[in-house]
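See structure below.
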Amino acid sequence: MHLILIGLRGSGKSTAGRLTADLVSRPFIDLDDRTEAICGLDAMTCFEQRGESAWRDAEASALRNSIDETNASIIALGGGTPTAPHAAAMLQEARRNGRVKIVWLKDTPANLASRIVDDQSRPALSDLEPAEEMQLMLERRGPIFRGLADAEIEIDNRPLSAVIAELVSLVT
């Protein structure tokens, strides 16, 4: 069974996922990397040249390919992956079939904004200041995340080691 990490940008999905995968001897998949390979462009360039919908279509393909793999992996989704075409339905179907467990890594908009303020690798999704954008994304995506998550882990100023310990307990 794959362990899938969802959450807003800056919630630590890739960092915690990679470290958890090392501890439990599972492959780690960063869906953003696979999406870039399918799209042929990094996220920023794809958004600028082809638009968000092209990125989301590539993301949905990357998700399907990743959850169809037979080796149980730790998979960090992009912050918007659950909004990609058919992605939520894919995740729900995989969960019903016992192929995935989904964990929402949650943090406050202010904390998330402080982590992404200097990140130039991902496009802003609005003209708002980072904390306001994170609040908006939480309002829009929070209900989707809540509906998908088998478990929720509050990140808010907790040590990374505590978050990883919770993730490990969900894998074993």
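General observations
- One residue alone among Arg56, Arg50 is more than 19 Å from Arg141 (Cα to Cα) and surrounded by fewer than 24 Cβ atoms within 10 Å (Cβ to Cβ), and that residue is Arg50.
- Complete set of residues in the stretch 73-86 that are out of contact with any His (no Cβ under 6 Å at 6 or more places or on another chain) and either in a loop (DSSP other than H, G, I, E, B) or at pLDDT 90 or above (or both): Ile74, Ala76, Leu77, Gly78, Gly79, Gly80, Thr81, Pro82, Ala84, Pro85, His86
- Close contacts from the stretch 17-29, counting a first residue that is farther than 15 Å from Leu170 by Cβ and a second that is surrounded by fewer than 18 Cβ atoms within 10 Å (Cβ to Cβ) and modelled with pLDDT under 95, with Cβ to Cβ under 7 Å and a gap of 6+ residues or different chains, come to Pro27/Asn71.
- Residues being at pLDDT below 95 and part of a strand (DSSP E or B) - total across the stretch 1-44: 0
- Reported count of residues in the stretch 10-39, each being within 10 Å of Ala62 (Cα to Cα), of a type in the set (A, V, I, L, M) and more than 11 Å from the chain's Cα centre (by Cα), is 2.
- Being touching a helix residue (DSSP H, G or I) at 6+ places or on another chain (Cβ under 6 Å) and without any contact (Cβ under 8 Å) to a residue 60 or more places away in the chain is a property that does not hold for Thr45.
- Within the span defined as the stretch 115-132, one or more residues are among the hydroxyl-bearing types (Ser, Thr, Tyr) and at pLDDT below 90.
- Top-ranked residue in the stretch 1-20 [being of a type in the set (Ser, Thr, Tyr) and crowded, with 22+ Cβ neighbours inside 10 Å; ranked as farthest from Thr83 (Cα to Cα)]: Thr20
- Exactly one residue out of Leu105, Leu63 is crowded, with 24+ Cβ neighbours inside 10 Å and in a helix (DSSP H, G or I): that is Leu63.
The values are calculated or read from the model by the stated rules, or taken from the named source; none is laboratory data. What you see is a predicted model; the values in this text were computed from it and never measured. Reconstructed Cβ throughout: ideal geometry from the backbone, glycine too, with neighbour counts over all protein chains shown.
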